[in-house]
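As structure tokens, the structure follows; a few thoughts come after it.
The values are calculated or read from the model by the stated rules, or taken from the named source; none is laboratory data. Model, not experiment: these values are computed from the prediction. Please note: Cβ atoms are built from the backbone with ideal geometry, for glycine as well, and neighbour counts cover all protein chains shown.
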Amino acid sequence: MNLYAIRSIYIFELSRTWRTLFQSIASPVLSTSLYFIVFGSAIGSRMQSIDGVSYGAYIVPGLILLTLLTESISNASFGIYMPKFTGAIYEVLSAPVSVLEVVIGYVGAAATKSVILGLIILVTARLFVPFEIAHPFVMIGFLVLIAVTFSLFGFLLGLWADSFEKLQIVPMMVVTPLTFLGGSFYSIDMLPPLWRTITLFNPVVYLVNGFRWAFYGIADVNVTVSVAMTVVFMLACLGIIWWIFRTGYKLRS
């Protein structure tokens, strides 16, 4: 394991966060704070509790995941796309660095930024709504697992994309709608039976409910299934990334 190479990639990617502090940290926190003000404080104070949890507190896990998913994908996809765009990717490919070491460096940096951002939003949420965390270590575990998984997905997206427009298609047109429709702002048990069944095909439902269980001990789906689906998706992303590096697809063309 070339720890020097991993450290170099990791530090370089993290340093980009401090050069673009407003875009990387301040902007997502400000946007999420507006959600807390509107949905948590203003609207939430007029709504009944869900499963014994106030509405403002109920949406905290979903809002954190909304930012975590999009930022994990964006950070990782942009991090690997720029070397492709500038041609620096050939230096990485020709260096004595394995696929695993490249992935650890890029994905590790993207996941670290996302976890830091998620924790900042968690602290910020306390300014707007009171809530408790029933299983803090499980919550941290879920936070890290989801950040790593979707950073891997973002890394894969960056390898696939051949334009800046394609980098935005999946986060904006797929991930964000699925997050809004995945129970971030409501319990899927509140839906009619037909729509509840349809919603169960949304993978984000399992992420949101697993993360919410760590906060309040309540979930609309089995938590074990949530973890299993996340791990399977992570392994699938790893497999596809390995295949891309092995074949050179979208890298050497």
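Annotations
- Helices (runs of 4 or more DSSP H) fully within the stretch 10-101 counting 2 or more residues that are at pLDDT 80 or above and over 20 Å from Phe180 (Cβ atoms): 60-86
- When Val138, Val129 are checked against the criterion of being touching a residue at least 60 places away in the same chain (Cβ under 8 Å) and part of a loop (DSSP other than H, G, I, E, B), a single residue qualifies: Val129.
- The lone criterion from (1) touching a helix residue (DSSP H, G or I) at 6+ places or on another chain (Cβ under 8 Å); (2) assigned to a helix (DSSP H, G or I) left unmet by Met1 is number (2).
- Scanning the stretch 86-95 for residues that are surrounded by fewer than 17 Cβ atoms within 10 Å (Cβ to Cβ) and touching a residue at least 40 places away in the same chain (Cβ under 8 Å), we see that the one that is farthest from Phe150 (Cα to Cα) is Ala95.
- Cβ-Cβ under 8 Å pairs, at least 6 apart or on other chains, the stretch 233-253 side closer than 20 Å to Ala147 by Cβ, far side buried (at least 16 other Cβ atoms within 10 Å of the Cβ) and among the aromatic types (Phe, Trp, Tyr): Phe233/Phe153; Cys237/Phe153; Cys237/Phe155; Ile241/Phe155
- From Leu167, Leu191, Leu200, residue being of a type outside the set (Asp, Glu) and either under 14 Å from the mean Cα position of the chain (by Cα) or closer than 30 Å to Phe85 by Cα (or both): Leu167
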